[in-house]
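Note sheet for the following structure.
The values are calculated or read from the model by the stated rules, or taken from the named source; none is laboratory data. Since this is a predicted model, take the numbers as computed values, not measurements. Cβ placement follows ideal geometry from the backbone for every residue including glycine, while neighbour counts extend to all protein chains displayed.
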Amino acid sequence: MIAAPVRYDVAIMGAEVVLPPLGVHRLTVAISGGRVAALLDPGVPVDAARTIDAPGKVVMPGAIDPHTHFSYEGYSGMPLDALGAHFESESASALVGGVTTVLITYRNASPYQEIFEEMKRAGETHSRIDFAYSLGITSEEQCAAIPAYYRDYGVSSFKFYMAYRGEDAKATGNVYNTYDDGFLYESMGLIADIPGAMAMVHPENIDVIARLRRRFQAEGRDGLAVWTASRPDFAEAENIRRALYLGQEAGCAVYIPHLSCRKGLEAVLEHRARGTTAAYIETCPQYLTHTKDSPEGNLAKVNPPLRDPDDQEALWQAIASGAIDTFGTDHCGVQREVKSGDIWSAVPGFPGVATMLPVLLSEGVRRGRLTLAQVAAVTSYQTARIFNLYPRKGTLLPGSDADLAVVDLGLARQVTPELLRSRADFSLYEGKEIVGWPVLTMVRGQVMMADGEIVGQPGHGRYQPRFAREETTAEKENR
């Protein structure tokens, strides 16, 4: 008998394909049933229902943003009824930038057992991309339920805010007063018993920050630079050291989001040199491209704040060396109006999911700071592994979800809010030219963005439970 020839749903041909950790190779990507079915040599004939010719382009694993805040409404919190609308607009924005999966750091005072199905339904009804949740743990009841959140929903990352507690928490729009070191330590002990789980900790010493803030406000100081002065780098580094020490004692892996400074980086590297618990680092685009002296003013207010050129250089080098594990955005779809007033009253946060990958391509690859393989590692592969999404996400090896971005490294676009399609009406990169953009974004085998136009419909996105799995011998060798 002669076997019938294989017919694929889609074949992407003629491009260079980035395969972390295996490098960059010219291959045909064959897709069937929403998954990568085969990687074929360019000369192999392919029978496919749809062929996408991509000579001169690069196919990258779909980017995963591990740190977004869909439904963030500034000082009014993260209302549940805003989630659906945010999923619709912000998932469209993500597609523009080649992001195919987001992790939403969601914070709510309710027990999550009461609202999680609604959280999931909001995404599966409105999102164009796949999604998961990292849960903000804000109360004793939520702390006690951490094992259940993993068992029932597949949540394996839990967020804690060392910077927000007591009266000073209210000044930054957070009403949760349970945070102290004991609460964090007890929570870490519960997380330590969950395979593959970790504590995500926002590290800034609020005691130092509160005093500096009161002093600078009394002096009548204003502007982006004084916001940085009120939240100094040593306050971030001190809290990182404390969080890692508590994690060490509890036996809990700790994930440091939005690392902004050299001192914080050094704190993690010192822990890695002597500690026995995992310590992961995430940084964000803003800390690579903007400083406390950037002209965006209030629009660039964020926590932790923008730093100095020396900190930027340290972070670029840490991505290239592999010291930084993941790249997130801390994306907040806020609008320009909430950034008005003095620096103390302006809402922190800004959008970033659409420009995450293009910034690394333009400022990293194009300027010779990073390779394509390094960009794919930090935007997709390592994120998938750390957040228990691998191997269905984070790679283009056969069997994985066909989440990918076809990138034109020479495509120059001037950033506008209209291009980015977020509900936010501004961007830190507005008016700037970024070179290197996805021209096609695919989620589970379906084209969702083509040439900057959103062609996929809301509701394609699916919730991603994140249970731990055992690594194969080959995976361990390729780490």
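Sub-9 Å Cβ pairs linking a first residue in the range 371-395 that is charged (D, E, K, R) to a second residue that is at pLDDT below 95 and not in a loop (DSSP other than H, G, I, E, B), at least 6 apart or interchain, are ARG385/GLU475, ordered by first then second residue.
Among the residues of the range 390-404, what is the count of those that are out of contact with any helix residue (DSSP H, G or I) (no Cβ under 7 Å at 6 or more places or on another chain) and crowded, with 24+ Cβ neighbours inside 10 Å?
Pass one, the range 390-404, residues out of contact with any helix residue (DSSP H, G or I) (no Cβ under 7 Å at 6 or more places or on another chain): 391-392, 396-404.
Filter once more, keeping what is crowded, with 24+ Cβ neighbours inside 10 Å: 396, 401-404.
Count: 5.
Scanning the range 279-300 for residues that are within 20 Å of ALA229 (Cβ to Cβ) and outside any loop (DSSP other than H, G, I, E, B) yields a total of 6.
Screening ALA279 on (1) surrounded by fewer than 23 Cβ atoms within 10 Å (Cβ to Cβ); (2) in contact with a Ser or Thr (Cβ under 6 Å, 6 or more places away or on another chain) shows it passes everything except condition (2). Counting only helices (runs of 4 or more DSSP H) that sit completely within the range 364-479, those holding 1 or more residues that are more than 26 Å from ALA15 (Cβ to Cβ) correspond to 382-386, 417-420, 473-477. If the condition is being closer than 24 Å to PRO305 by Cβ and either buried (at least 23 other Cβ atoms within 10 Å of the Cβ) or within 19 Å of the chain's Cα centre (by Cα) (or both), then the range 247-276 contributes VAL254, TYR255, ILE256, PRO257, HIS258, LEU259, SER260, CYS261, GLY264, LEU265, ALA267, VAL268. Per the listing ILE64, ILE52, the residue uniquely buried (at least 20 other Cβ atoms within 10 Å of the Cβ), at pLDDT 95 or above and in contact with a helix residue (DSSP H, G or I) (Cβ under 7 Å, 6 or more places away or on another chain) is ILE64. Residues satisfying the criterion are absent from the range 306-328 (criterion: at pLDDT below 95 and part of a loop (DSSP other than H, G, I, E, B)). Taking the criterion of being in contact with a strand residue (DSSP E or B) (Cβ under 8 Å, 6 or more places away or on another chain) and free of Cβ contacts under 8 Å to residues at least 12 places away in the same chain, no residue of the range 76-99 qualifies.
Determine whether the range 241-258 contains at least one residue that is part of a helix (DSSP H, G or I), modelled with pLDDT of 95 or more, under 29 Å from PRO358 (Cα atoms) and not charged (D, E, K, R). Within the range 241-258 (the criterion being part of a helix (DSSP H, G or I), modelled with pLDDT of 95 or more, under 29 Å from PRO358 (Cα atoms) and not charged (D, E, K, R)), the answer is no, since none of the residues qualifies. Hydrophobic (A, V, I, L, M, F, W, C), surrounded by 20 or more Cβ atoms within 10 Å (Cβ to Cβ) and more than 18 Å from the chain's Cα centre (by Cα): which single residue out of VAL347, VAL334, VAL378 fits that description? One residue alone meets the criteria, VAL347. Of the residues making up the range 408-461, those that are in contact with a His (Cβ under 8 Å, 6 or more places away or on another chain), of a type in the set (D, E, K, R) and closer than 30 Å to GLY368 by Cβ number 0.
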